[in-house]
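Novice: Starting off with a structure, shown below.
None of the figures in this text is laboratory data; all of them are computed from the coordinates on show. Just so it is clear, the model here is predicted, and its values are computed rather than measured. Note that each Cβ is placed from the backbone with ideal geometry, even for glycine, and that neighbours are counted across all protein chains shown.
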Amino acid sequence: MKNILILGANGRIARLVEQRLLTETDAHLTLVLRNAKCLPVISATRETIIEGDVSDSQLLARVMVKQDVVYANLAGNMAVLAQRIVDVMTKNEIKPLIWVTGSGLYHETPEPFGSWVEAMVGHAAKEDTRRAAAVIEASKLNYMIIRAAYMTDDPKIDYELTQKGEQFRGTIISRASIADLILKIIADPQKYRRTSLGISQPGSDDKLAQLMAENS
């Protein structure tokens, strides 16, 4: 039985991952979020809910004990959060870290989607995510960075992956697809170790006009 630590457990992707892990595996989940009241317990025997701030190194040190995989789906000061997570994982000799972020970390997203993403997120915030990724990639962890296209709540699972160094393809991706990739990584972390994967829906390169109209 694997012990899985989910940081930012109230996020929509994290909830999908939680439900699938409980249904499809025998893993024990430790779920960390700011407000424990926001997340009902699905399985009292297989879930431990911890209320706290992921920027708290002492909290991280406590919840990291005996974990096999750490999955982080966070918002905020990303570079600081990444550094603290890396430091505690390194000290506790926990290797696998799944880190979910957006596309454009390496300016790999073609135009006009690249500029649209940068404008939507904000340049300062995007630079913060790049610094966070650099912290993780400079570590000795067996990290898996997931660079997601614009996320939707479509329940369909349909995705393609690109590697670091390749041009990003597509403009949208369902959260269900991201959750599916996370389940695959948890099942076999070694297969994906020290990778940075772009994820998008195949054939979605022409969806930018629709996205811009919906978010104008």
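Novice: Could you tell me what % of all Cα pairs in region 12-132 have separations over 16 Å?
Specialist: The proportion of pairs with Cα distances above 16 Å equals 66 percent.
Novice: With label points built 7 Å along Cα→Cβ from the Cα atoms of Leu183 and Lys164, find their separation and express it in nm.
Specialist: My value for the distance between the label points is 2.7 nm.
Novice: Let me see the P(r) profile for the chain: every Cα-Cα distance counted, bins of 5 Å, each bin given as a percent of all pairs.
Specialist: 1, 7, 16, 20, 21, 17, 11, 6, 2, 0
Novice: Does anyone have the angle between helix 12-24 and the longest principal axis of the chain? Alpha-carbon axes, 0 to 90°, nearest 10?
Specialist: The angle comes out near 60 degrees.
Novice: Considering amide H positions built from the backbone, and no H for Pro or chain starts, which residues 5 or more places from Gly102, or on another chain, come under 5 Å of its amide H?
Specialist: Those qualifying (amide H under 5 Å, at least 5 residues apart or on another chain) are Ala148.
Novice: Can you order the peptides 47-56, 140-149 by their average number of other Cβ atoms within 10 Å per residue, highest first?
Specialist: Packing proxy ranking, top to bottom: 140-149, 47-56.
Novice: What ³J(HN,Hα) values, in whole Hz, does the Karplus curve 6.51 cos²θ - 1.76 cosθ + 1.60 give for region 81-98 when θ = phi - 60°, with x put for Gly and Pro?
Specialist: For region 81-98, the Karplus curve yields 4, 4, 4, 5, 5, 4, 4, 5, 5, 4, 5, 8, 6, 9, 8, x, 10, 9 Hz.
Novice: If you don't mind, another one. Using modelled backbone amide H atoms (1.01 Å from N, in-plane), which distant-in-sequence or interchain residues come within less than 5 Å of Ile50's amide H?
Specialist: Counting only residues 5 or more places away or on other chains, the set is Leu31, Val32, Leu33.
Novice: Among Thr25, Ile145, Asn10, whose Cα projects farthest towards the positive end of the dipole of the chain, with charges put on the beta-carbon of Lys, Arg (+1) and Asp, Glu (-1)?
Specialist: The residue sitting farthest along the positive end of the dipole is Thr25.
Novice: Residues with beta-carbon under 13 Å from that of Leu97, excluding Leu97: net charge, scoring Lys, Arg +1 and Asp, Glu -1?
Specialist: Around Leu97, the charge tally is +1.
Novice: Using 0.36 nm per residue, how much length does the chain from Ala75 to Gln190 gain when fully extended, once their Cα-Cα distance is taken away?
Specialist: 38.8 nm
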